[in-house]
Amino acid sequence: MNIQNYVIGNWKMNGNWETNAKLINSIKSNLPHSLNNSSTKTVVCVPYIYLIQCKGLLNNSIIEYGAQDVSAHENGAYTGEVSAGMLADLGCKYVIIGHSERRVYHKEDNELIADKVNIALKYKLIPILCVGETLEQREEGITNKIVKQQLETVLQSIQNSEQKSNIDNIIIAYEPVWAIGTGKTATAEQAHTVHAYLREIADNYMHKSPSILYGGSVKPSNAKELFNMLHINGGLIGGASLNTQDFCDIISTLN
Ligand code: 13P
């Protein structure tokens, strides 16, 4: 299997003009040298308002940039929203969709998330589709059922749409909600079991097996063990992506 590896930073709602410039510049100068010859891609997903700043800072860099959400609508009277066309217009290539913080705080359901993935594909963006169970769901023993619903609703919808031929552009991120920002990481085995299951489902819909990233308290100290697993193709990194040393150390574990 030749599957693309990624380390993607999700800055969430952090940073300002000054700290962003410091962070990007120090990541650029501390990136492992091996990255130039490696197949691992590095991406930072930043707040909308700083996309243009990051585009400038990352000009001629191997680091790419993306957004953290997108509107499900193409254009029109949707005050405060940002469309896939606008992101594409800016040269943005990636967009996180269905993050648990959007699902919980903004009541996004699987159908809305499928619409967002659809419109992102239409504008040739690469959607990073997040799935994951809560602690209660894991304890109830319904992790597989939940992630299956989350993934299949999207893949079925894309398969039945005009974006069918772009379905292979989707990246999947498994982010157990109980591991996000809590310091609790899924063990490599726990994560791997879910990744293998997600791959089995994805392979029923996609022609090319997708990159499946793990997210949830990834740190330099646990990245190697996670990334060594067959079905884990890198990470979606929150807190640690805001620290140059940690982010670069995580990237070097994949190189
Ligand atoms: P943390 O790495 O801070 O746990 O966040 C993970 C995450 O939500 C990435 O999208």
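Worth a mention:
- Annotation: extensible slack from residue 184 through residue 60 equals 41.0 nm (criterion: 0.36 nm per residue apart, minus Cα-Cα distance).
- Residue-level accessible surface for residue 97, protein heavy atoms, 1.4 Å, Å²: 0
- GNM flexibility winner over the chain from 61, 211, 26 (Cα, springs under 10 Å): 61
- The percentage of C-alpha pairs in the chain whose separation is greater than 23 Å is 47%.
- FRET efficiency for the pair residue 142 and residue 107, taken as 1/(1 + (r/R0)^6) with r the Cβ-Cβ distance and R0 = 22 Å, rounds to 0.60.
- GNM flexibility winner over the chain from 106, 195, 73 (Cα, springs under 10 Å): 106
- Compared with the alpha-carbon gap, the fully stretched path from residue 22 to residue 230 is longer by 71.4 nm at 0.36 nm per residue.
- Based on alpha carbons, the Rg and Dmax found for the stretch 1-91 are 14.7, 47 Å.
- Modelled FRET efficiency - R0 41 Å, residue 77 with residue 168, Cβ distances, 0.05 increments: 0.75
- Candidates 239, 91, 141: whichever shows maximal mean-square fluctuation once the chain is modelled as a Gaussian network with Cα springs under 10 Å: 141
- Loop trypsin sites (Lys or Arg not before Pro), the stretch 51-150, which have at most 16 other Cβ atoms in a 10 Å radius of their Cβ (DSSP): 93, 107, 124
- Divided by 2.2 N^0.38 Å, where N counts the residues, the Cα radius of gyration of the stretch 149-219 comes to 1.21.
The values are calculated or read from the model by the stated rules, or taken from the named source; none is laboratory data. These numbers were taken from a predicted model, which means no experiment stands behind them. In this analysis, Cβ positions are derived from the backbone assuming ideal geometry, glycine residues included, and neighbour counts consider all displayed protein chains. In case anyone asks, the SASA skips ligands and DNA or RNA and just uses the protein heavy atoms, side chains included. Shrake-Rupley method; radii C 1.70, N 1.55, O 1.52, S 1.80 Å.
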